[in-house]
Amino acid sequence: MSRSKAAIEADIQSCSDKIAELEAVLELLTEYQTRLSEDHTDYTDNVKTPVDEYDFAENDDWLGKNEGAAETIRETLSLCMTSYDNDITKLEGQIAEAIEIINTMIEEENERLAQLKEELDNWTEDSVTSDGTE
């Protein structure tokens with residue numbers, strides 16, 4: 001039994017709308033991914049690396065007890081920053097995974113859209129009777 005032309009056209013519109021929604025989400029995720037990557041690099045270059053590499057013994061005033069206390073604080077900061085860094089890396093991976101899933105969904109919808117358009121191209125009034133059946 002063939003479907004009505006209007007039903008096929010409605011499905012085409014629905015499919016096109018879904019593709020547009022998915023593409024909008026994909027665009028947002030890609031923007032977030034880019035921004036997160038840039039911010040992560042900025043954080044690493046301007047915060048984490050300088051803290052990890054700072055030499056508290058550079059000034060003689062920090063030698064001894066003060067140096068040890070400062071080094072303990074630096075190690076604590078470094079551990080916190082490593083945890084933050086790991087969380088950001090995990091989030092970047094999750095965003096990449098979501099982008100991959102959405103790309104797959106878009107591909108599937110594009111295939112469905114092509115099938116619907118083919119169905120519409122092959123549609124004839126003769127294939128449907130007045131009551132909507134063959």
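Using a Cα distance threshold of under 23 Å, what count of lysine pairs results for the stretch 5-120 when pairs must be 8 or more residues apart or interchain? The partial results should precede the final answer.
Details: 5/18; 5/117; 18/117; 48/90.
Lysine pairs, 8 or more places apart or on different chains, close enough: 4.
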A chain fully extended from residue 66 to residue 5 at 0.36 nm per residue, minus the present Cα-Cα distance, gains in nm 13.8 nm
In degrees, nearest 10, the alpha-carbon axis of helix 5-43 is tilted away from the dominant principal axis of the alpha carbons of the chain by 10 degrees
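Let me check I've understood the local charge: for residue 116, count other residues with C-beta under 14 angstrom from its C-beta, Lys and Arg +1, Asp and Glu -1. What total comes out? It would help to have the intermediate numbers written out before the result.
On the way: positive: 3, 5, 18, 112, 117; negative: 9, 11, 17, 108, 109, 111, 118, 119, 121.
With Lys, Arg at +1 and Asp, Glu at -1, the net is -4.
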If the chain between residue 41 and residue 87 were fully extended at 0.36 nm per residue, the gain over the current Cα-Cα distance would be 15.2 nm
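What 222 nm value per residue comes from the helices of the chain, counting each DSSP H run with n ≥ 4 as -39,500 (n - 2.57) and dividing by all residues, nearest 500 deg cm²/dmol? Show your work: numbers first, answer last.
Values: 3 runs with 101 residues, N = 134.
Mean residue ellipticity at 222 nm (helix-derived): -27500 deg cm²/dmol.
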For the stretch 5-120, Rg(Cα) over 2.2 N^0.38 Å is 1.89
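Coordinate-derived values only; no laboratory data. Just so it is clear, the structure is predicted and the values come from calculations on it, not from any experiment. We place every Cβ from the backbone using ideal geometry, glycine too, and count neighbours over all the protein chains shown.
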